[in-house]
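Below is one structure; the comments refer to it alone.
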Amino acid sequence: MKRFIVTGGYGFIGSNLVRLLLKKKFKVLNIDNFSYSAQKYNLRGISKKNYIFKKIDINNRNKLRKILINFKPHGIFNLAADTHVDRSIDDSSNFIKNNIVGVFNLLEAIKSIKTKIKLIHVSTDEVYGDIKGAKRSNEKYTYDPSSPYSASKASSDHLVTSYVKTYKLNALITNCSNNYGPRQFPEKIIPKMIFNIIQNKPLPIYSKGKNSREWIYVDDHCEALIKLFFKGKKGEKYNIGSGFNCNNLFLVNSILKRFKKRKIKIGSKVKIKLVRDRPGHDLRYALNSQKLKRTTNWRPRVTFEEGIEKTIEWYIQNPEFFKNISKKLFTKRLGLL
């Protein structure tokens, strides 16, 4: 039985990956330091048969090393990261600590033991910066990050690459587009809009709502990560995207439309509200994921129409998710200078 470590396994993508790995009958050790966005609710009801949890910060190199020696993982999926751009604008210190120094300590822990471990380092499409026109960034695009968050992820990617070249670590990097689906912390746009509709609150959209993002359903992303453990090559980078782009106005209107179709009463305050843009806001991200498709035969299975329906349904059926989170953590506007 393959043994995997998932760092950040109580977060959004991490918890969905843990569930998928367990479903595929793998053994999983979840490492999480329980930062503000980690939720115990995210792994409620999972089978404990092949599951272990350790509350550890990836900056604790000694504890990491002991876990690697004792658990003997075949692979590590590194999803431990601070991810919200607006928070990084207000205070980038945790992004430097966790996204850069944390990855350094993880790499050092792996380097210090003789066992061969394959590291899948999960990064973001934001490292490529603003993609002009109709272009899509492939893995050879120059990094051009615009926010402290994307700069911290770009830095961690470079660290991983250097450890592959210098120390011969078996690692690869994935750059994924915007994820959506169940269990996403409501500081992000889709769960935030769903929460605001349920709570009869305005729907704030930055600037004119023209910023375009590529959206992938979280389970499709997780399937790609697992395929890359088995088929991805050491030292390579792989973009993971659905190919579906839309701007924020289209996105929010799509969510509103689906609530109305469910004949759910929409409160009088639920209206789109254009608000002041955040500093350094890239207009468009878009990935070329042909390398991943060609080398692993992976394809996204969930269309945006299917995925957004499943996402809305999950939040409606799981009101406790929102109730378990302090509203102070996601209702206040961040990222204003």
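Got at least one residue in the range 243-259 being surrounded by fewer than 17 Cβ atoms within 10 Å (Cβ to Cβ), closer than 22 Å to ASP86 by Cα and touching a Pro at 6+ places or on another chain (Cβ under 7 Å)?
no
Over 27 Å from LYS271 (Cβ atoms) and either touching a strand residue (DSSP E or B) at 6+ places or on another chain (Cβ under 7 Å) or in contact (Cβ under 8 Å) with a residue 12 or more places away in the chain (or both): is that true of ILE189 in this structure?
no
Being in a helix (DSSP H, G or I), at pLDDT 95 or above and touching a helix residue (DSSP H, G or I) at 6+ places or on another chain (Cβ under 9 Å) is true for just one of VAL164, VAL160. Which residue is that?
Of VAL164, VAL160, the one residue that is in a helix (DSSP H, G or I), at pLDDT 95 or above and touching a helix residue (DSSP H, G or I) at 6+ places or on another chain (Cβ under 9 Å) is VAL160.
I'd like the full set of residues that are crowded, with 17+ Cβ neighbours inside 10 Å and closer than 25 Å to ASP130 by Cα, limited to the range 260-279.
Across the range 260-279, the qualifying residue is only ARG278.
Restricting the range 126-140 to residues that are farther than 21 Å from LEU225 by Cα and out of contact with any Pro (no Cβ under 7 Å at 6 or more places or on another chain), which is surrounded by the most Cβ atoms within 10 Å (Cβ to Cβ)?
ILE131
Within the range 104-157, can you find the residues that are farther than 15 Å from ALA80 by Cβ, touching an Asp or Glu at 6+ places or on another chain (Cβ under 6 Å), not in a helix (DSSP H, G or I) and not charged (D, E, K, R)?
GLY129, SER146
What's the number of the condition ASN138 fails, among (1) out of contact with any Gly (no Cβ under 9 Å at 6 or more places or on another chain); (2) over 26 Å from LYS234 (Cα atoms)?
Tallying (1) out of contact with any Gly (no Cβ under 9 Å at 6 or more places or on another chain); (2) over 26 Å from LYS234 (Cα atoms), ASN138 fails exactly one: (2).
If a residue must be touching a Lys or Arg at 6+ places or on another chain (Cβ under 6 Å) and under 17 Å from ASN247 (Cα atoms), how many such residues does the range 288-314 contain?
Counting residues in the range 288-314 that are touching a Lys or Arg at 6+ places or on another chain (Cβ under 6 Å) and under 17 Å from ASN247 (Cα atoms) gives 0.
Of all the strands (runs of 3 or more DSSP E) wholly in the range 184-274, which have at least 3 residues that are closer than 28 Å to LEU336 by Cα and either of a type outside the set (Ser, Thr, Tyr) or modelled with pLDDT of 95 or more (or both)?
Correct list: 203-206, 212-217, 245-247.
Does SER177 satisfy the condition of being out of contact with any Pro (no Cβ under 6 Å at 6 or more places or on another chain), of a type in the set (S, T, N, Q) and surrounded by fewer than 23 Cβ atoms within 10 Å (Cβ to Cβ)?
Criteria not met by SER177.
Give the number of residues within the range 297-318 that are free of Cβ contacts under 8 Å to residues at least 40 places away in the same chain and more than 30 Å from PHE229 (Cα to Cα).
Qualifying residue count for the region: 2.
Within the range 278-337, how many residues turn out to be farther than 28 Å from GLU223 by Cβ and aliphatic (A, V, I, L, M)?
Counting residues in the range 278-337 that are farther than 28 Å from GLU223 by Cβ and aliphatic (A, V, I, L, M) gives 5.
State yes or no: is GLY280 part of a loop (DSSP other than H, G, I, E, B) and at positive phi?
For GLY280, the condition - part of a loop (DSSP other than H, G, I, E, B) and at positive phi - is met.
Is the range 290-312 home to any residue that is surrounded by 12 or more Cβ atoms within 10 Å (Cβ to Cβ) and in a strand (DSSP E or B)?
No; the residues of the range 290-312 include none that is surrounded by 12 or more Cβ atoms within 10 Å (Cβ to Cβ) and in a strand (DSSP E or B).
Can you tell me how many residues in the range 135-155 are over 30 Å from PHE321 (Cα atoms) and touching a residue at least 60 places away in the same chain (Cβ under 8 Å)?
Qualifying residue count, the range 135-155: 6.
Conditions tested, residue by residue: (1) crowded, with 18+ Cβ neighbours inside 10 Å; (2) under 19 Å from the mean Cα position of the chain (by Cα); (3) free of Cβ contacts under 8 Å to residues at least 12 places away in the same chain.
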site	(1), (2), (3)
TYR10	yes, yes, no
LYS24	no, no, no
TYR41	no, yes, no
ARG44	no, no, yes
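Mind checking which residues of the range 58-92 are touching a strand residue (DSSP E or B) at 6+ places or on another chain (Cβ under 7 Å) and within 15 Å of ILE117 (Cβ to Cβ)?
If the condition is that a residue be touching a strand residue (DSSP E or B) at 6+ places or on another chain (Cβ under 7 Å) and within 15 Å of ILE117 (Cβ to Cβ), then ILE58, ILE67, PHE71, LYS72, PRO73, HIS74, GLY75, ILE76, PHE77, ASN78 are the ones that fit.
Take LEU287 and decide whether it is within 19 Å of LYS140 (Cα to Cα), surrounded by 15 or more Cβ atoms within 10 Å (Cβ to Cβ) and in contact with an Asp or Glu (Cβ under 6 Å, 6 or more places away or on another chain).
Judged against the criteria, LEU287 is a match.
The values are calculated or read from the model by the stated rules, or taken from the named source; none is laboratory data. Predicted model only: the values in this text are computed from it and were never measured. Don't worry about glycine lacking a Cβ; one is built from the backbone with ideal geometry, like all the others, and counts go over all protein chains shown.
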